[in-house]
Amino acid sequence: MNKPKVLVARSIFPETIARLEEHFEVEANQGDESWTKAQLIAKLKGKQGVFTTGSERIDAEVLDACPGLKICANMAVGYNNFDIDAMTARGVLGTNAPDVLTETTADFGFALLMATARRIAESEHFLRAGKWEKWSFDMFAGSDIHGSTLGIVGMGRIGQGIAKRGAHGFGMKVIYHNRSRLDAQLEAECKATYVGKEELLKTADHVVLVVPYTPASHHTIGAAEIALMKPTATLINIARGGIVDDAALAVALRDKRIAAAGLDVFEGEPKVNPELLKVPNVVLTPHIASATVPTRRAMADLAVDNLIGYLVHNKPVTPLNPTVLATR
Ligand code: 8YV
């Protein structure tokens with residue numbers, strides 16, 4: 001019997017390819033070439049499955065050009081690169097990679113918060129540039145983490161992980177805003193209090209964004225929201241580019257409307273708004289919140305589990321649009 005055909009759209013661990021090859025005829029982009037949409041479509045024709053990262057956009061145009069496609073397995077928890085409605089309409093399953101990256105990403109969110117509030121990157125650049133000639137009382141004086149108020153926008157699994165680190169590890173007062181309120185037990189575990197978005201922005205010393213990107217969450221933080229924040233506050237975005245209006249943030253940082261920001265994700269990444277590169281009070285990292293070797297392996301494994309689960313056993317592990325299963 002012919003093996004189903006699977007495309008791996010980006011370079012990945014050799015072990016990931018080896019696992020796929022046990023079940024599928026695999027074409028893999030191990031050279032990590034940057035494909036245009038037309039090239040992606042050309043590669044995808046005749047394939048039943050595709051292993052994607054958050055960088056490949058799978059939309060109606062791609063799906064219509066590749067009618068044999070049955071599953072798109074994303075090696076990411078966020079799936080705004082998928083037009084999930086278009087997939088559902090065409091009976092194509094989408095899967096993501098939740099849970100396996102929660103703690104690693106929460107660690108990074110906290111690390112970025114600390115680096116930002118305590119001005120670690122800025123002071124390191126100063127030292128490396130040979131500018132440290134004498135100590136002074138206010139040199140790189142930042143803001144405290146312990147005992148401060150942590151405001152989390154988006155209280156899913158990663159938000160909860162950050163809340164626990166803040167409340168239990170650093171004695172922070174945790175407030176959060178979310179589409180829906182957590183149940184009482186989860187709120188108690190996170191020591192977190194539900195507040196409105198405006199109250200959160202006005203009272204938090206550190207605001208961390210962990211909401212999924214949707215048209216409704218576009219520019220959750222823009223000039224008007226930044227205007228509500230304390231001038232001493234920090235803003236951390238580990239969610240998605242587009243959740244923050246980067247141009248408005250660059251102006252606010254330049255004018256010291258808020259103290260500092262830490263950004264792991266950007267509008268139009270890997271391009272970064274050049275105005276952000278000009279301001280010193282922002283820590284910039286290239287979308288690495290889930291980047292530890294064990295976690296990236298676990299994410300890749302889960303995408304493979306979904307491809308095998310669906311194409312071989314008709315049982316995906318983490319389906320995004322399970323209604324497709326009923327119509328198969
Ligand atoms: C990934 C992410 O590194 O999982 C997500 O949603 O943003 C990151 O963990 C990236 O999308 C790679 O696929």
Phi angles of the range 228-244, converted by Karplus (6.51 cos²θ - 1.76 cosθ + 1.60, θ = phi - 60°) into ³J(HN,Hα) in whole Hz with x for Gly and Pro, give 7, 6, 5, x, 8, 7, 10, 10, 10, 10, 10, 8, 7, x, x, 6, 10
Unit charges on C-beta of K, R, D, E only; dipole of the chain, Debye:
80 debye
Placed amide H near Met172: partners under 5 Å, 5+ positions off or other chain
Gly147, Ala167
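Would the chain count as rounded, prolate or oblate if I go by the C-alpha gyration tensor, calling it rounded below 1.5 in a/c and otherwise prolate when a/b exceeds b/c, oblate otherwise?
Prolate, since a/c reaches 1.5 and a/b exceeds b/c.
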Starting from the Cα gyration tensor of the range 186-255, take the square roots of the eigenvalues, sort them a ≥ b ≥ c, and report rounded, prolate or oblate (rounded when a/c is under 1.5, otherwise prolate if a/b is larger than b/c, else oblate).
oblate
Starting from the Cα of Ala291, step 7 Å along the direction of its Cβ; do the same at Arg128; then give the gap between the two resulting points in nm.
1.4 nm
Treating only Lys and Arg (+1) and Asp and Glu (-1) as charged, each at its beta carbon, one finds that the range 102-284 has a dipole about its Cα centre, in Debye to the nearest 20, of 180 debye
For Lys202, list the aspartates and glutamates whose Cα falls under 13 Å from its own Cα; do not include residues on the same chain fewer than 8 positions away.
Glu225
Of the candidates Cys190, Phe266, Ile243, the farthest towards the positive dipole end of the range 102-284 (Lys/Arg Cβ +1, Asp/Glu Cβ -1, centred on the Cα centre) is Cys190
Exactly which chymotrypsin sites (Phe, Trp or Tyr not before Pro) in the range 113-181 are in a DSSP loop and have at most 12 other Cβ atoms within 10 Å?
Trp132, Trp135, Phe137
Please name which of Val77, Ile12, Ser55 has its Cα lying farthest along the dipole of the range 1-88 towards the positive end, using unit charges on Cβ (Lys, Arg +1; Asp, Glu -1) and the Cα centre as origin.
Ile12
Too long at a 27 Å Cα-Cα cut-off: which of Lys197/Lys271; Lys230/Lys278; Lys173/Lys256; Lys3/Lys45?
Lys197/Lys271
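We did not get these values from a lab; they are worked out from the coordinates using the rules stated. As the structure is a prediction and not an experimental result, all values here were calculated from the model. For neighbour counting, all protein chains shown are included, and Cβ atoms are generated from backbone atoms with ideal geometry for every residue, glycine included.
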